[in-house]
Amino acid sequence: MNALLSAEGIVKSFGATQVLSGITLSVAPGEPVGLFGPNGSGKTTLVNILSGLLLPDAGTVRFDGKEVTRLPLDARYRLGIARTFQIPHPYPALSVREAVRVALAADAGKRKEGGGTREDEEGPTEDLLARTGLFNQRFVPCAQLSQGCLRRLEFARALACRPRLLILDEIFSALSSADEGDLMALLRAANRDEGTAFLLVSHNPPLLKSLCRRILVLKEGRIVRERPVG
């Protein structure tokens with residue numbers, strides 16, 4: 001099967017410090033893949049490059065057969081690559097509902113020519129809020145959300161583009177067991193029901209084994225191991 005996402009020979013340095021040293025990886029359509037490594041191994045730098053937030057010094061990134069190495073994050077979002085961030089930073093003054101609407105509006109490439117109206121976004125907004133367990137918090141300012149609700153909001157915003165690939169940077173970090181279980185169920189449902197592939201960054205090996213088909217181990221800027229699960 002052809003890769004949905006592929007990266008070849010990714011190199012990245014910051015000043016004299018080389019953070020990534022020739023990373024090559026792939027994610028197949030619908031495949032759940034984990035990325036594990038110690039602090040400082042280069043995980044966030046790698047996902048920033050894969051999602052378009054950073055440019056590599058060398059190497060190529062392809063999505064669905066198209067080279068996207070130099071495309072910015074918003075262009076990749078419209079192609080169907082969505083991501084979450086290790087530290088959520090929603091606009092604090094926006095309500096949860098408004099924050100989801102912003103993500104839907106950013107999906108301009110999949111909306112009517114000339115843009116949609118607030119009424120066009122109403123149904124999808126309510127659906128996303130209900131799906132991610134945020135409907136009762138829809139009028140709450142983002143600044144007042146708990147950590148669990150912030151992670152749900154990150155996930156809802158990522159789902160707004162109906163992604164073919166989710167890149168999830170420590171989305172389960174610092175969650176209660178109940179919130180962790182709810183997010184695991186949401187991720188499994190997206191993978192099972194919609195065929196959404198994902199690359200999940202986590203420090204939690206049991207969680208990765210539970211959710212992923214393969215686990216890539218990153219150490220000192222290199223993938224040193226690939227572990228099939230099961």
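Every number in this text was worked out from the coordinates using simple rules, so none of it is lab data. These figures come from a predicted structure and were not determined experimentally. Here the Cβ positions follow ideal geometry from the backbone for every residue, glycine too, while neighbour counts run over all protein chains shown.
Here's the picture: charge each Lys and Arg Cβ at +1 and each Asp and Glu Cβ at -1 in the chain, and of 228, 208, 196 the one pushed furthest to the positive end of that dipole is 228. Exposure proxy ranking for 219, 66, based on other Cβ atoms within 10 angstrom of each Cβ and starting from the fewest, stands as 66, 219. For the chain, adding -39500 (n - 2.57) for each run of n ≥ 4 DSSP H residues and dividing by the number of residues yields -10500 deg cm²/dmol at 222 nm.
Under the convention that each Lys and Arg Cβ holds +1 and each Asp and Glu Cβ holds -1, the size of the dipole of the stretch 5-228 around its Cα centre is about 460 debye.
Can you give me the Cα centroid spacing of the stretch 1-68 and the stretch 161-195 in angstrom? About 20 Å separates the Cα centre of the stretch 1-68 from the one of the stretch 161-195. Counting lysine pairs in the chain that sit 8 or more residues apart in sequence, or on different chains, and whose Cα atoms lie under 25 Å apart gives 9. Dimensions of the chain from C-alpha coordinates, computed as largest minus smallest value along each principal axis and given longest first, are 47, 42, 38 Å. Summary value for the chain: 30 percent relative contact order, contacts being C-alpha pairs under 8 angstrom separated by 6+ residues. Relative to the longest principal axis of the C-alpha atoms of the chain, give the angle of the C-alpha long axis of helix 147-159, reported between 0 and 90° and rounded to the nearest 10°. Between the helix axis and the principal axis of the chain, the angle is about 80 degrees. The smallest convex shape that holds all Cα atoms of the stretch 21-64, its convex hull, gives 87 Å³ per residue. Considering only 35, 147, 93, and ranking their Cα positions along the charge dipole of the chain that arises from unit charges at the beta-carbon of Lys, Arg, Asp and Glu, the one farthest toward the positive end is 35.
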